Amino acid sequence: MSSASEPAEVATEPEEPITKRGTFSSLKVRNYRLFAGGQVVSNTGTWMQRIAQDWLVLSLTGSSAAVGITTALQFLPMLLFGLYGGVIADRYAKRTLLLITQATMGLLGLALAVLTLSGTVEVWHVYLIAFLLGLATVVDNPTRQAFVVEMVGPQDVRNAVSLNAANFQTARIIGPAVAGVLIAAVGSGWAFALNGVSFIAPLTALMLMRESELHRIPRVPREKGQLREGLRYVAGRPDLIWPIVLVGFIGTFGYNFPIWLTAYVDDVYHAGAGTYGLLNTLMAAGSLLGALLAARRGTTRMRMLVGCALIFGVLEAAAALSPAFWLFAALLVPIGLFGLTFNTTANSSVQLATDPAMRGRVMSLFLMVFMGGTPIGAPIVGWVTDTYGARVGFLSGGLVSVGAAVVVGLVLARIGNLRVKVDLHRGKGHPLIAFVPREKLTAAA
């Protein structure tokens, strides 16, 4: 495990072949099997609520900007308090914290269900519950991320992170499809109700875990300056700070799909909730494929991180300019694949490069810039989409992602004293384009 004194890993590109693991190797661990089973149920409910929530807000207001405000409010607490969530995750038992946060999110889902089914729901109710969900997420997300290592150990972190993503994307396929049927048949309220009930599964899984089989990480005692300590730690590590910067830009401007997809369905294709669910399902299918492919990788590389971000942005721009519905829908699959590969690569790279005592704080910063940027990006993207149309809104997100990938890639190459090498006579297992140390190119010349 890296420490603050070790050299940054951006300096070189490893030349050894990528090792592969079994796609489902983490599921051999009993505690992780319980965790994964509970999460797939609650994640399905969460996606049902997300689709129903976006459609409810659009139905109440007729505004893409209002959908953006809802999204922003849900992620605003992460921007304001995200780093404190990491401090809490490092100080207290993670399993106990997760029992509290998961129960809270289930109760909030049930509250929104009661308001909707009773016919008294107003848009400010949705705003308030979105904000309260965000507060629970401040503690839940960094705790859940750091808890992965305690369940599976460092040797299976990459695999477990990828399987978590596959779990989430499986739910993303099922959830929108079920939500679309429920909204059309009986309204949004029952989707919220099922989401609230779904949290029984992860709560049961957490209670059934064997504490003796967890990989214990010593808790950090309460001291002053722990927040500043975490920030200084990341600031001194180029292999942490620049991936986090890239994640921040793409999370803020490139992941605003609730805004774009509702606008495309409503304004461009003049369709209903079923089409919205279909588009989300197609993107989720690509994301699931990306997660399963990532689960087989034993290592991660910076060039993969930057490359996936670049391709992701290019595909978004292509989808924005697509002249036909079938082409737009088809492009959502590779968008999901490369977006998910980027996310899991960044997540596992940052976790493995971080000292265990710092992991909660570092992951809270990672999640703060990825999710906490949404309150900034979502209203801007929502306004652009309302003012200039869905195509311009989607295109702007893609172009920002491309620009961020290019800039961060150049910075990482400069820090690592690397240059681009093009090998037209590459053999099997060797890339056409690679970053190599400048000295190697000089020697070759």
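Rule-based calculations on the coordinates, nothing more; no lab input. In this text the structure is predicted, and so the values were computed from the model without any measurement. Methodologically, a virtual Cβ is constructed for each residue, glycine included, from the backbone with ideal geometry; neighbour enumeration extends over all protein chains shown.
Please work out how much length the chain gains when fully extended from Leu128 to Gln155, using 0.36 nm per residue of separation minus the C-alpha to C-alpha distance, in nm with one decimal.
Working: separation 27, 0.36 × 27 = 9.72 nm, distance 4.09 nm.
Fully extending the segment from Leu128 to Gln155 adds 5.6 nm.
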Please give me the summed charge of the neighbours of Leu56: other residues whose Cβ is under 11 Å from its Cβ, Lys and Arg +1, Asp and Glu -1.
-1
State, to one decimal in nm, how far the label point of Arg210 lies from the label point of Arg33, with both points 7 Å from Cα in the Cβ direction.
1.1 nm
What list do you get for Val148, Val268, Val157 if you sort them by fewest beta carbons within 10 Å?
Val268, Val157, Val148
Among residues other than Gln102 whose Cβ falls under 14 Å from its Cβ, what is the net charge (Lys/Arg +1, Asp/Glu -1)?
+2
With x for Gly and Pro, the residue-by-residue ³J(HN,Hα) of segment 75-90, computed from phi through the Karplus equation 6.51 cos²θ - 1.76 cosθ + 1.60 at θ = phi - 60° and given in whole Hz, is 9, 4, x, 5, 5, 7, 10, x, 5, 5, x, x, 4, 4, 4, 6
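Please rank Glu122, Glu150, Glu316, fewest neighbouring Cβ atoms within 10 Å first, as an exposure proxy. Intermediate values should be presented prior to the final figure.
Working: Glu122 10, Glu150 20, Glu316 30.
Lowest to highest Cβ neighbour count: Glu122, Glu150, Glu316.
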Distance in nm between Leu117 and Asp355 label points, each 7 Å along Cα→Cβ, equals 5.1 nm
Phi angles of segment 36-46, converted by Karplus (6.51 cos²θ - 1.76 cosθ + 1.60, θ = phi - 60°) into ³J(HN,Hα) in whole Hz with x for Gly and Pro, give 5, x, x, 5, 5, 5, 5, 5, 4, x, 4
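Taking neighbour counts of Cβ atoms within 10 Å as a proxy for exposure, in what order, fewest first, do Asp90, Asp267 appear? Don't jump to the answer; show the numbers that get you there.
Numbers: Asp90 27, Asp267 14.
If I rank by nearby Cβ atoms, fewest first, I get Asp267, Asp90.
So, counting K/R as plus one and D/E as minus one, what does the shell of residues with Cβ under 14 Å around Ile335 add up to? Walk me through the intermediate numbers first.
Values: positive: Arg172; negative: Glu316.
My count for the surroundings of Ile335 gives 0.
Quick one: divide the alpha-carbon radius of gyration of segment 21-444 by 2.2 N^0.38 Å and tell me what you get. Before the final figure, lay out the partial values.
Working: Rg = 21.1 Å, N = 424, 2.2 N^0.38 = 21.9 Å.
Normalised by 2.2 N^0.38 Å, the Cα Rg of segment 21-444 equals 0.96.
Over segment 21-444, calculate the relative contact order: mean separation of alpha carbon pairs under 8 Å at least 6 apart, over the residue count, as a percent. Walk me through the intermediate numbers first.
On the way: 754 pairs, mean separation 116.3, N = 424.
This gives 27 percent for segment 21-444.
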When the Karplus curve 6.51 cos²θ - 1.76 cosθ + 1.60 is applied with θ = phi - 60°, which whole-Hz ³J(HN,Hα) does each residue of segment 408-413 get, with x for Gly and Pro?
5, x, 5, 5, 4, 5
